[in-house]
1. With a 10 Å cut-off between alpha carbons and a GNM built on chain A, which of A:214, A:20, A:151 moves the most?
2. What number in nm² do you get for chain A if you take the convex hull of its Cα atoms and divide its surface by four?
3. Compute the long axis of helix B:29-55 from its Cα atoms, compare it with the longest principal axis of the Cα atoms of chain B, and write down the angle in degrees, 0 to 90, nearest 10.
4. Quick one: if you stick a label point 7 Å off each Cα along the C-beta vector at residue A:130 and residue B:273, how many nm between them?
5. Take residue B:101 and residue B:46, extend 7 Å from each Cα along the Cα→Cβ direction, and tell me the distance between the two endpoints in nm.
6. Scaled to the compact-protein estimate 2.2 N^0.38 Å, what is the alpha-carbon radius of gyration of region B:87-255, rounded to two decimal places?
7. Going by a ≥ b ≥ c, the root eigenvalues of the Cα gyration tensor, does chain B fall in the rounded group (a/c under 1.5), the prolate group (a/b larger than b/c) or the oblate group?
8. Once fully extended, how much extra length lies between residue A:51 and residue A:202, figured as 0.36 nm per residue of separation less the alpha-carbon to alpha-carbon distance?
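Please treat every number below as a calculation from the coordinates, not as lab data. All of these numbers come straight from a predicted model, not from anything done at the bench. Using ideal geometry, Cβ is built from the backbone for each residue, glycine included, and neighbour counts are taken over all protein chains shown.
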């Protein structure tokens, strides 16, 4: 019985594995193999084992700059999406009294998720540009004399575009875990004399932990794996790890690029497994 | 914690009801602060997008910023007729067809996987870890890996082989996670009842599980479609010689500095809204029919 049961489970799971093995496991292995090969300089790979590619990547000052920039944007984006996402979800779950209205407002937050990310990023250009809406409004009001240059094609614009795209990844899981908090627990805490801050600290935050963890995984992995927003919104002023990877690939420097990609992937996996160690997401979602 | 003080507290609560979000009476100051924050978020979310939709309706003098110059459909015509903007029509066509294939596979496979994950089975943690890994792996790296793999085997990359697989490695983990959330609201007793009444496994799935989960499956379909329709990093190196829509938009952002770009934004958003509308409409239809059947 037990054997046939696990057979059935594997039968159900086999289509998923048929996608994950050839399109996740094997490609990563191919990149791993490429990272220990030598290049002939013309895009060809010479199959000899070498760790020189890792040596080159790890000893280059450029690498540390790239990682510094990428980690900086990841942390800033994570911080602002978490702040916004947490309080937006909190507002919808605990402050909006009409449940139908709460669902409606929630849907309003999610609609842009289903539209093109690139278009949403570009849409900041007419606002933040030198002659954009924000600058002309500020000039008009006499608050500034010269257009603010830092608004577009800067680190600021990169963070704005990321937060705009990714806050939804925080709102949805946090909303989901907050909605499951039994309101009677909160009421009981109030009646037992807890302050609002205590309730936040001792009830809401711990019980939203799985949502926060899931949201953080999404935001951090997307920002660290992205190059497009940094490239366009910084106007070429900032680089990213994956951006450099892409440049290397376009000049056929496969082994170096692969080594850098493997390092990034390992960092991401370690980060995600650390987060997953603190919360059992699978259990949290399924129960 | 003993039970006595708690029951006292509950009794008191009936008398002086002042919860964090009281169901009636005056609202705490935090309500107004958070309502302000929420409004700010929604404006920041929609404001910029609305700006580019408006700017896409300028006439031939139009530029990339306000003020608005004239009112016409010039840039929409430009978008679909000019050579310099690339093959937008073909890109739409390819992206939508690919997204439909991805959607169908995502719904079926996510459903099957969620069925498997309801029970523990040998190796389930490995499958789950692979799924999360596939979700968080940098898309471009994975795309290049797929490209190199196809190259090594000697197959040309093309939309319905390499790009399809690369996109599924992104839409499936999403779909399964959504199915987890959907399944958590499914009561296993219904399934047991069906079995007790003599239903076969297939009958149980077809007559009990699928109808109950139908709205959730529509949500998975919506995920599958949009994630594929908008997928960029994984498709870049796997789509073969012809561009999908996001790749087309990408090359336009680097080459085109006219409101054509905004016109493309407007058109693709209209398509997205049609898809969302269709999905929501289907869910409402299912719920209505279910309500009618129950009464």
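1. A:20
2. It is 22.7 nm².
3. Roughly 30 degrees between the two axes.
4. Going from the residue A:130 label point to the residue B:273 one covers 3.4 nm.
5. Placing both labels 7 Å beyond Cα along the Cβ direction yields 3.7 nm.
6. Numbers: Rg = 18.4 Å, N = 169, 2.2 N^0.38 = 15.5 Å.
That works out to 1.19 for region B:87-255.
7. Numbers: a/c = 2.11, a/b = 1.29, b/c = 1.64.
Here chain B falls in the oblate category.
8. On the way: separation 151, 0.36 × 151 = 54.36 nm, distance 4.91 nm.
Length gained, residue A:51 through residue A:202: 49.5 nm.
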